[in-house]
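Each remark here refers to the structure printed beneath this line.
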Amino acid sequence: MAERQFTSNEVIRLTGITARQLQWWDERGLVVPSRQGRNRLYSSDDLAEIAVLSELRRKGFSLQRVRKIMRFIQRELGKRLVETVTRGSEFHLLTDGRQIYLEDSANEIIDILKNARQPIMSICLSDAVKEIHAEISAAEGGDTPAARRSPKSAAPRSVARAKRKVASGS
């Protein structure tokens, strides 16, 4: 049985991002959908990654930083973002603006927070993936919570944590 594919319009409705954002992320290689003629088709894994990207952008991460995070996860863990965060662990991103950490250990998260010299922002990547899967289920059942939220708040909401050092400096 083939995996469910989503059109650009369905992705926009489920995640609340704009058509231009979706196109731009495809052009930059952040999320690369399959093609059927001129139409982009997204897998549920693509959709989950879009939800995480959207959450990172909504929280103020630059596209350059988001690309670094995605490359790090793919290079260091040998997996796509969605494969990493859905393997049963709770993954959290933490940043103080200079360094970014990806953590799945509560103790490591606490250590980072205790040793921080300035405020720390955190995002639960696992929650963002879980929420988009819930959105997909609701949409298939005829209920679309993202469609009822405004575009700015349509991206999945999450809470915080994190593990390996992703990037530092500049």
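Observations, loosely collected:
- Stretching the chain fully between Ser8 and Lys79 yields a gain of 23.2 nm (0.36 nm per residue, less the alpha carbon separation).
- Placing a label point 7 Å from the Cα of Asp96 along the Cα-to-Cβ line, the residues of segment 107-128 whose backbone N sits under 20 Å from it are 107-124.
- With a Förster radius of 45 Å applied to the C-beta separation of Asn39 and Asn115, the computed FRET efficiency comes to 0.40.
- When each of the peptides 65-73, 115-123, 46-54 is scored by the mean number of other C-beta atoms lying within 10 Å of its residues, the order from highest to lowest reads 46-54, 65-73, 115-123.
- Those trypsin sites (Lys or Arg not before Pro) in segment 1-63 that DSSP places in a loop and that have at most 15 other beta carbons within 10 Å: Arg4, Arg28, Arg38, Lys59
All of the numbers you see were taken from the coordinates with simple rules; none came from a lab. Nothing here was measured: the structure is a model prediction, and the numbers come from that model. Heads up, the Cβs are rebuilt from the backbone with ideal geometry, glycines too, and the neighbour counts pull from every protein chain shown.
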